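Trainee: To start, I am sharing the structure in question, which I have written as structure tokens.
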Number of protein chains: 2
Amino acid sequence: MIYLDNAATSWPKPPQVIQAMTDILKRGCANPGRSAHAMARQTEDAVLNVREAVAKFFNIKDPLRIAFMPNTTYALNAAIYGVITEGSVVATTAMEHNSVLRPLKTLESRGIIGLETVEPDRYGRISVQSIKKVLRKGIDLFCMTVSSNVTGAIMPVTEAGRICRELGITFLVDAAQGAGVIPIDVERMNIDMLAFPGHKGLLGPQGTAGLYVREGIKIKPFIQGGTGSFSDRLFQPEVFPDILESGTLNVPGIVGLGKGISFISETGIEHIRLKKKKLLTMLFEALSKEENITVFSPGPEQNSGIFAFLVHHMDSSEVSYILDRKFGICTRSGFHCAPLAHRALGTSDSGLVRISPGYFNNETEIELTIEAIRSIARRKL
Amino acid sequence: MIYLDNAATSWPKPPQVIQAMTDILKRGCANPGRSAHAMARQTEDAVLNVREAVAKFFNIKDPLRIAFMPNTTYALNAAIYGVITEGSVVATTAMEHNSVLRPLKTLESRGIIGLETVEPDRYGRISVQSIKKVLRKGIDLFCMTVSSNVTGAIMPVTEAGRICRELGITFLVDAAQGAGVIPIDVERMNIDMLAFPGHKGLLGPQGTAGLYVREGIKIKPFIQGGTGSFSDRLFQPEVFPDILESGTLNVPGIVGLGKGISFISETGIEHIRLKKKKLLTMLFEALSKEENITVFSPGPEQNSGIFAFLVHHMDSSEVSYILDRKFGICTRSGFHCAPLAHRALGTSDSGLVRISPGYFNNETEIELTIEAIRSIARRKL
């Protein structure tokens, strides 16, 4: 089986990720922050270590401003619902995932927020010019992804951050498709809130994600409940990370995530990016000139790791189906939870086939995939 | 180390729980419901199997009415915020955890809901009479725990369910302290919504929980985002479980939870209950007549597995501290995220020492614990 669906979730995980999860589950995994006994303190230390590793990874000054969460969708909802108030004006781009678009459209449809959208070009790219056209003083929040989950197109986060800072707009970045491949520095990029997944580019297990909130950003708690702190109070504490971390954390998952981040730091994010670029380049070189294929992803330089394409006169699901059943190649087809992106790309009817290689894929696997796709495109099945 | 903090999180886990998590992480853990390739289908099947196991365990007719969630706090928030509307009247008991009280107090303080509270007696017990005094036609939602996380007192869920059904009140049950020890049957108990943890009595890993919502209960989605279904739409789908399951699920955790439930089914919930009762009985018999000790838990028959006590003239934290440092015994002290329960018990200043044995504790461990507590109470340290 050739796994090329790393944009959905990365697989395989580094062995030390799984080992660390097994170890803590066996050795002792208490409830951190609740009790004060030895096992609870050890568990709390384990979680704090990962909080510090995440902070270092994204250049976050205060690790306590990072709250662990179950997935990026949750983190984005917590960020959006946490900072908007009635009458807020929010801007976003048409390339966003439904984890940003659905909460924003829901809030807009209820008359709570005003919503403005930055449009991409027909290749799904967001230009600095198009951002400047939409952002202005009076906009409260701008949400943008690091790179498109449909095409892999890398977005101008640094420039957007600079514009937001100048205009006093809170800048929320969705790192679902960027973390672990593209270096993210919340200070340099002027990121006010960063939502990141643990189970994609950071190579941790599913069930892990987080939200960083810069000091000074006023945020309401998203859920209220047991925090282990201020237990005698009937209202959610205001301290970080407790304000955003109610209920028992996914400790084995978080510990696994810590090992994913160590693996990336040891391997080097630049090395990971280069490896992905090399695999992408192979796909582009072999398939972009193929007669029956249209490629929708930008070239490897502007791409975080996705090769999105269509075979003419074939449904995207059919292509993925053949790749899976005949060749044992795992890809994703159809719509990628980003309806406005598909509209912009003109693929609202067909969907797209998405190939997303990971660090653990090798050149042979990509060669086999190229041959398989060629044989489909040339109808030599 | 003697672990007696199972009410916070159960430990150890059955070996098959950890094994199953390791297996799926190694063998292939794709993103269920997103792609259609072989690994994604296998992952989806694995999740569906656990959904069916949970359904069978709680006698839930339609497994698709169960949404997996990261923890019970989240499940309770999703249930409460999902069914209330402006002007709703909600009733609850003073014995609830902050995961129920904090969202309700927040909603009350914002003027969104009316809130009425059933008071316990001074032993923290909720009588059917006191429930009848508060519940009436016009109340929209009643939230009650299966058993108190402070004292272990088992609540009259069956009777409360009958009253709610008669009066047309939606009945939300918090099974954080009951699931896996007390048989829960949503049909027989007239439970409309059941929030349950995976990592306590069900012996699964942290990061797992769920919410069951009976067919016919109108619920709004709590977060909005990618569901893998209806990906081309800008609004959250209404189908179950997608309406409540946005973002990537904690698949390894859910698979582990499945093995926890199998373990309970194979062992027999009645056998687990009896084992806990035996250990509790030892604690009661040895310590309840001890001169310097006051016990706050009801006897083993009315108790899901907690022995809460105070040593006279000692802070609860001090007792837990000595138990930990001198005897290697893990207990929880202080306030247990249930401020109104402490008020009712008169322990708002002192907190309580909570001992919560699990199925894997043995009699020797309890004997050692009894001796340790006696030596503290008799100041023979």
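Trainee: Calculate how steeply helix B:15-27 sits against the longest principal axis of the alpha-carbon atoms of chain B, using the helix alpha-carbon long axis, and give the answer as 0 to 90 degrees to the nearest 10.
Mentor: So the inclination is approximately 30 degrees.
Trainee: From the Cα trace of the protein assembly as shown, what convex hull volume per residue do you get, rounded to a whole Å³? All intermediate terms of the calculation are to be shown ahead of the outcome.
Mentor: Details: hull volume 105.5 nm³, N = 762.
It is 138 Å³ per residue.
Trainee: Local charge sum around B:ILE154 (other residues, Cβ-Cβ under 11 Å, Lys/Arg +1, Asp/Glu -1)? Write down the numbers at each step before the final one.
Mentor: Working: positive: B:ARG125, B:ARG273; negative: B:GLU301.
Residues close to B:ILE154 contribute a combined charge of +1.
Trainee: Using the structure shown, list the pairs from B:LYS56/B:LYS133; B:LYS13/B:LYS278; B:LYS13/B:LYS289; A:LYS26/B:LYS278 with a Cα-Cα distance above 29 Å, or answer none. Numbers along the way, then the final one.
Mentor: On the way: B:LYS56/B:LYS133 34 Å; B:LYS13/B:LYS278 20 Å; B:LYS13/B:LYS289 34 Å; A:LYS26/B:LYS278 26 Å.
Over 29 Å Cα-Cα: B:LYS56/B:LYS133; B:LYS13/B:LYS289.
Trainee: Given Cβ point charges of +1 (Lys, Arg) and -1 (Asp, Glu) and nothing else, what value in debye, to the nearest 20, does the dipole of the protein assembly as shown about its Cα centre take? List each step's numbers first, then the result.
Mentor: On the way: 84 positive and 76 negative charges, 34 e Å.
Here the protein assembly as shown has a charge dipole of around 160 debye.
Trainee: Name the residues of the stretch B:217-256 whose accessible area falls by at least 30 Å² when all protein chains are present instead of the chain alone, probe 1.4 Å?
Mentor: Residues of the stretch B:217-256 that lose at least 30 Å² of accessible area once the other chains are added: B:PHE222, B:ILE223, B:GLN224, B:GLY225, B:GLY226, B:SER231, B:ASP232, B:LEU234, B:PHE235, B:THR248, B:ASN250.
Trainee: Using protein heavy atoms only (no ligands, DNA or RNA), what is the total accessible area buried between B and A, 1.4 Å probe, nearest 100 Å²? Walk me through the numbers before you get to the answer.
Mentor: Details: alone 16450 and 16470 Å², together 26610 Å².
Buried area (both sides, nearest 100 Å²): 6300 Å².
Trainee: Then there's this: Give the nm distances, rounded to one decimal, from A:GLN19 to the matching residue in every other copy, measuring between label points 7 Å along Cα toward the beta carbon; shortest first.
Mentor: A:GLN19 label point versus its equivalents elsewhere: 2.2 nm.
Trainee: Which net charge results for the neighbourhood of A:LYS133, defined as the other residues with beta-carbon distances under 11 angstrom from its beta-carbon, given Lys and Arg at +1 and Asp and Glu at -1? Each step should come with its number before you reach the end.
Mentor: Values: positive: A:LYS132, A:ARG136; negative: A:GLU116, A:GLU119.
Net charge in that neighbourhood comes out at 0.
Trainee: In degrees from 0 to 90, rounded to the nearest 10, what is the angle of the helix A:72-83 Cα long axis to the longest principal axis of chain A?
Mentor: 50
Trainee: Can you give the Rg to Rh ratio for the stretch A:114-197, taking only C-alpha atoms and Rh from Kirkwood?
Mentor: Ratio of gyration radius to Kirkwood radius for the stretch A:114-197: 0.93.
Trainee: Something else now. Just the number please: accessible area per residue for the stretch B:15-267, 1.4 Å probe, all protein chains included, in Å².
Mentor: Details: 8210 Å² over 253 residues.
About 32 Å² of surface per residue is accessible.
Trainee: What is the calculated FRET efficiency for B:SER229 to B:SER265, with r their C-beta to C-beta distance and R₀ = 41 Å, to the nearest 0.05?
Mentor: Numbers: r = 30 Å, r/R0 = 0.74.
Efficiency, from the Cβ-Cβ distance: 0.85.
Trainee: What net charge is computed for the residues neighbouring B:GLY351, neighbours being all others with C-beta under 14 Å from the C-beta of B:GLY351, Lys and Arg scored +1, Asp and Glu -1?
Mentor: Details: positive: A:ARG34, A:ARG233, B:ARG332, B:ARG343, B:ARG354; negative: A:ASP232, B:ASP315, B:GLU318, B:ASP349.
Its environment carries a net charge of +1.
Trainee: Quick one: pull the percent of accessible area on the stretch B:15-267 belonging to carbon and sulfur, 1.4 Å probe, ligands and nucleic acids left out.
Mentor: Details: 4050 of 8210 Å².
The computed percentage sits at 49.
Trainee: A follow-up question, please. For the stretch B:105-120, list whatever residues lose no less than 20 Å² of accessible surface once every protein chain is in place, relative to that chain by itself, with the probe at 1.4 Å.
Mentor: Going by heavy-atom accessible area, the residues of the stretch B:105-120 that drop by at least 20 Å² are B:LYS105, B:THR106, B:ARG110.
Trainee: How many Cβ atoms of partner chains, on average, are near each residue of B:327-335 if near means within 10 Å of its Cβ? Mind showing how you got there, number by number?
Mentor: Details: counts 0, 3, 2, 8, 3, 8, 3, 6, 5.
If you average over the peptide's residues, the count of other-chain Cβ atoms is 4.
Trainee: When N counts the residues of the stretch B:15-267, how does its alpha-carbon radius of gyration compare numerically with 2.2 N^0.38 Å, as a ratio?
Mentor: Ratio of Cα Rg to 2.2 N^0.38 Å: 1.01.
Trainee: Hey, for a label at B:ASN292 modelled as a point 7 Å past Cα toward Cβ, could you say which residues of the stretch B:330-358 have their backbone N under 16 Å away?
Mentor: B:353
Trainee: Same structure again: Within chain A, which is the longest segment that contains none of the GluC sites (Glu not before Pro) sitting in a DSSP loop with at most 12 other Cβ atoms within 10 Å? Can you show the working numbers first?
Mentor: Numbers: sites that count: A:GLU86, A:GLU187, A:GLU215, A:GLU238, A:GLU291.
Result for the longest clean stretch: A:87-186.
Trainee: Considering only the protein assembly as shown, what is the antiparallel percent among its DSSP beta bridges, to the nearest 5? List each step's numbers first, then the result.
Mentor: Values: 36 of 74 bridges.
That works out to approximately 50 percent antiparallel.
Trainee: Using the heavy atoms of the protein chains alone and a 1.4 angstrom probe, what is the accessible area of the stretch A:337-381 per residue in square angstrom?
Mentor: Details: 1840 Å² over 45 residues.
Result: 41 Å² of accessible area for each residue.
Trainee: Angle, helix B:269-287 long axis vs. longest principal axis of chain B, Cα atoms, 0 to 90°, nearest 10?
Mentor: Taking Cα atoms only, the helix is inclined about 20 degrees.
Trainee: Inter-copy label distances at A:LYS56, 7 Å along the Cα→beta-carbon direction, one decimal in nm, shortest first?
Mentor: 4.6
Trainee: Just from its helices, what would the mean residue ellipticity at 222 nm be for chain B, if runs of 4 or more DSSP H residues each count -39500 (n - 2.57) and the sum is divided by every residue, rounded to the nearest 500 deg cm²/dmol? Provide the component values of the computation, followed by the final result.
Mentor: Working: 11 runs with 146 residues, N = 381.
The per-residue figure over chain B is -12000 deg cm²/dmol.
The values are calculated or read from the model by the stated rules, or taken from the named source; none is laboratory data. It should be emphasised that the depicted structure is a prediction, and the values quoted were computed from it without experimental measurement. Reconstructed Cβ throughout: ideal geometry from the backbone, glycine too, with neighbour counts over all protein chains shown. SASA here: full protein model, heavy atoms, side chains in, ligands and nucleic acids out. Shrake-Rupley method; radii C 1.70, N 1.55, O 1.52, S 1.80 Å.
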